[in-house]
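Before any comments, here is the structure.
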Amino acid sequence: MDSRYLKSLIMVIDCGSIADAARSEGLTAAAVSQRIQALERQLGFALLSRAGHAAMPNPACLALLPRARRIVREVSLLAGDADLDGLTGTLRIGAISTMLTGLLPRALLELTRLAPGIKPAIEPGTSRSLYQALQADELDAAILVAPPFELPKLLRSVSLHSESLVLLSRHPPAGSIARALQTQAYIRYDPSSWGGRHAERYLNDTGLAPTSLFDLDGLEAIAMLVADDVGVSLVPSWSGLDSLSDNFTLTPVGTGYDREIVLVTRVQTERPQMIAALVQALTPRIVG
């Protein structure tokens, strides 16, 4: 059985359609369909239920999916097994959106310099979804907001940096931060997100209760709304914010409300040298 066919099956399940899986793999939809059909012939049963453009795994497919993922993962590790330094192969890295345009690009360049045999595979997501993917062994490492709970003993974290909470506005606030929040539309950083809880705590501590116009977990979307003078927001001052627009005013709210960014990995990992190289690339001033 060709592991590439299993990889295509997994991609179809993760993407939700053969067409989307084909685009992700750089293949034609016909080629992906042929791979699925070849698997079905070898196994002797159907794997997908098709409805319109969607392709959903049937019960038989769901039953074999965990083993299929393990097989594909083991095959991807073969090249690294031959490297005594343990610095060859794919490293699955999850990252929240603000890290994709901030910290991560520079770190990937450094990682390439330190270990050219590593092939980073980047998975974007929210802090919560990336944490869950790491627990499910779908990622080797995740760059996310520090969880609002103690990590289990199977996981460990490295602090990368902290981002101070600021009032983000189109124009300098006329008066105090409190006045700006009370007199202008408030675009709220979703308080249910791990990063949004810091802004909510600031409001609670100061006794402010602005009526939110939107609740958003996407900081880039919040920033662009503020740049268009739709309202104001309380957000972390992340690296890359200035590159989105010149139409911002950042007013610090004070200390104690920082968003901490961490790298979370498993304590027991199949590629400890690769994780060590990633940590060094992300924290050159700490490790180097």
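Dimensions of the range 3-76 based on its C-alpha atoms, expressed as ranges along the principal axes with the largest first, amount to 29, 25, 19 Å.
Considering amide H positions built from the backbone, and no H for Pro or chain starts, which residues 5 or more places from Val235, or on another chain, come under 5 Å of its amide H? Those lying under 5 Å, H to H, from Val235 are Val166, Leu168.
Taking amide H positions as modeled 1.01 Å from N, with prolines and chain starts lacking one, the residues under 5 Å from Leu91 and 5 or more places away or on another chain are Lys119, Ala121. Within the range 165-257, what percent of beta bridges assigned by DSSP are antiparallel, to the nearest 5? Antiparallel: roughly 60 percent of the beta bridges in the range 165-257.
For the range 103-118, 3J(HN,Hα) computed residue by residue from phi via the Karplus equation (6.51, -1.76, 1.60; θ = phi - 60°) reads 6, 5, x, 5, 5, 5, 4, 5, 4, 4, 5, 6, 8, x, x, 7 Hz, glycine and proline entered as x.
A short reminder: the numbers here are calculations on the coordinates, not readings from a lab. On a predicted model such as this, the values are computed, not experimentally measured, just so you know.
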